[in-house]
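Structure, as structure tokens:
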Amino acid sequence: MAAHASDLDYVRPPFAQGTTTMITASSSIVRSIAFIALAFVVHPAAAGWTTLEEAWYMMTLGGQPCGHLRTMLQQDGDLYRTLSESTLSVGRAGASVTVTISSTFDERADHTPVAASLTQSMGGAPTTTDWTFSPTGIEVKAQQGGRATTSTKPLPPAGWLTPRAADALRKKALKDGLVTVEFTTIDPQNGTAPMSVKSQRTGTGPLTIDGKQLAGTTWTTRTSLLPIDTIEEYDAAGVMVRQVTPMALGRIEAVLTTKDKALGGGGAAGAVAAAAPELLVASFIQLEPSVPDLDCAEIVVWDLRTKDGTPLDLPDAGGQSTRRTDRGEQVIVKRGATTPAPTGDALKEFLEPSQMCDTNDARLKALAKRALRGKEQAPAAERAEVLRAFVLEYIERKDLGSAFASASDVARSKSGDCSEHATLLAALLRCAGIPARGATGLVYADSFAGGKHVMGWHMWTQAVIDGAWVDLDATRPDCAFDGGHILTAVSALGDGGLGGDLGSVVALMGNLAVDGVEVGGARKPAP
């Protein structure tokens, strides 16, 4: 038997409902891994709020402590607030960085959605996005460092569940002995885009948590944001006691424990960060030394597959085209190649301001004007290249100390890695009236972080020029793009929308294999 969203007995408001409870932990972990990652912030209960439930979880990656997760349910009269906070520290070529994500969702006793918020710290100033629900839409306000952008989003299709509604559905399934739970929700970490959740009961019996045995059930859960099955264990009361997300780089595990243990014993977050598991180097794909230097290669043909045999579905965008093979995909990457871009209103999201591309910021506008001085009327392709070269020179400190800073942060710090280059370039392009988005994938490096002849995870920019998507890599001194790039995902860099955009990237980290590389007509073997 199965439990669906329609099985709940509660009064439905005249508009949609959303977000899950513990399921949101998965996308918090995903975001942290994807950006590889800032310090934990405990939000005190606001005046008037009474804490009804609170749970602390210790997180490990590949068996190594890497952070913690906290969930809480609060009440203030007819208003209920579900809170989720997570922090994850990882290593990036010897540097330790940490990401913190905190989200809340407010709803009425009848599950009418009222408001939601998302606060993220990923290396720069914290960013906050607030959603306010009404019967006609969702008002979105994104803030960072005193700067704010506002917009209005449509309501998701009717039938999605708020956190308490999703929790009630889960507990009803446990009580009734059902084996399947399905619902649709929204997660602040994915903006207002709907997310489907399906859980299948895979076991019933005693669980061992923190050295103790208790009765419970085991479930396999998959969401539309992350193409990975997550294992979840619940006690008899419906409280999640363990969550395991398998990854090629090591499984991420969150286990119910005490606050003191979750914080590393008295809140020793620094100890966790100091021993953070290394992810950047571990995610490299080693190529044979016989593969020639691919910097500025005009065309490269890649034979790719996943190590676990799951299907590959890489995008055709910019200079990349793909075709299915018996084992995976053949990817052709050509310098200067383009793909058609949308037109009209479909380009709006690639021009509008957001937290990451906060083009209302006066400093960004001034930077774009400064970079394009004397070139204001030049063709779009020429202006885009001018901006790309400007970003390369403007970011003076090339380091791995930021997980994912906004464009305005980068404009002030003049520091960052590939994601900061990509985001700043996207923002400056938008300031110049050129639609732009982020592109994530792999790039060839002859030598990087102690590795030689490796493919490492990377981010660059795609812009719409003359009606087509064009690749622009602001980290490259010699050419705007080359065949040494493999695109795995794109993102509009919108408010709260990166979780879904990059879920596929997390699934591929450590799971992608190169079977062959053809450069200039000569096929080279790969391990």
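Okay, here's what the table says:
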item	result
Single condition GLU182 does not satisfy, out of (1) assigned to a strand (DSSP E or B); (2) closer than 30 Å to GLN355 by Cα	(2)
Residue in the range 212-226 that is assigned by TED's automatic domain parsing to the domain that holds TYR57, more than 27 Å from ALA168 (Cβ to Cβ) and among the β-branched types (Val, Ile, Thr) present	no
Single condition ARG323 does not satisfy, out of (1) surrounded by 13 or more Cβ atoms within 10 Å (Cβ to Cβ); (2) of a type outside the set (Gly, Ala, Ser); (3) in a strand (DSSP E or B)	(1)
Those residues of the range 326-351 which are under 22 Å from MET459 (Cβ atoms) and surrounded by fewer than 17 Cβ atoms within 10 Å (Cβ to Cβ), in sequence order	GLY336, THR339, PRO342, LEU347, GLU349
Exclusive hit being of a type in the set (S, T, N, Q), crowded, with 21+ Cβ neighbours inside 10 Å and within 19 Å of SER406 (Cβ to Cβ), set THR128, THR100, THR71, THR82	THR100
Of the criteria (1) surrounded by 15 or more Cβ atoms within 10 Å (Cβ to Cβ); (2) assigned to a strand (DSSP E or B); (3) under 17 Å from the mean Cα position of the chain (by Cα), which one GLN189 fails	(2)
Count of residues meeting criterion [over 20 Å from ALA427 (Cα atoms) and at pLDDT 90 or above] in the range 488-518	9
Criterion: of a type in the set (Lys, Arg), modelled with pLDDT of 95 or more and either out of contact with any Cys (no Cβ under 6 Å at 6 or more places or on another chain) or not assigned by TED's automatic domain parsing to the domain that holds ALA432 (or both) - qualifying residue of ARG383, ARG363	ARG383
Leading residue by the ranking (nearest to LEU83 (Cα to Cα)) among those in the range 110-142 that are outside any strand (DSSP E or B) and of a type outside the set (Ser, Thr, Tyr)	HIS111
Among residues of the range 258-269, those that are at pLDDT below 85 and surrounded by 13 or more Cβ atoms within 10 Å (Cβ to Cβ), counted	3
For ASP167: the one exception among (1) over 23 Å from MET356 (Cα atoms); (2) part of a strand (DSSP E or B)	(2)
Any hit, the range 41-61, residues being touching a Phe, Trp or Tyr at 6+ places or on another chain (Cβ under 8 Å), outside the structural domain of LYS414 (by TED's automatic domain parsing), at pLDDT 90 or above and crowded, with 21+ Cβ neighbours inside 10 Å	no
Unmet requirement for THR204, which otherwise passes all of (1) closer than 21 Å to THR245 by Cα; (2) under 22 Å from the mean Cα position of the chain (by Cα); (3) among the β-branched types (Val, Ile, Thr); (4) at pLDDT below 95	(2)
Selection status of THR184, closer than 25 Å to GLU85 by Cβ, in contact with a strand residue (DSSP E or B) (Cβ under 7 Å, 6 or more places away or on another chain) and buried (at least 18 other Cβ atoms within 10 Å of the Cβ)	yes
Subset of the range 227-258 (residues that are more than 20 Å from LEU174 (Cβ to Cβ) and among the small types (Gly, Ala, Ser))	ALA248, GLY250
Qualifying residue in the range 95-103 (condition: in a strand (DSSP E or B) and over 30 Å from GLU253 (Cα atoms))	no
Looking only at the range 288-311, and only at residues there that are among the aliphatic types (A, V, I, L, M) and crowded, with 18+ Cβ neighbours inside 10 Å, the one that is farthest from the chain's Cα centre (by Cα)	VAL291
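Listed here are the residues, each with its yes/no results for (1) out of contact with any Lys or Arg (no Cβ under 7 Å at 6 or more places or on another chain); (2) small (Gly, Ala, Ser).
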position: ARG383; (1), (2): no, no
position: ARG397; (1), (2): no, no
position: ALA405; (1), (2): yes, yes
position: SER415; (1), (2): no, yes
position: CYS418; (1), (2): yes, no
position: ARG430; (1), (2): yes, no
position: ALA463; (1), (2): yes, yes
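The values are calculated or read from the model by the stated rules, or taken from the named source; none is laboratory data. It should be emphasised that the depicted structure is a prediction, and the values quoted were computed from it without experimental measurement. Neighbour counts are summed over all protein chains in view; Cβ atoms, including those assigned to glycine, are modelled from backbone coordinates with ideal geometry.
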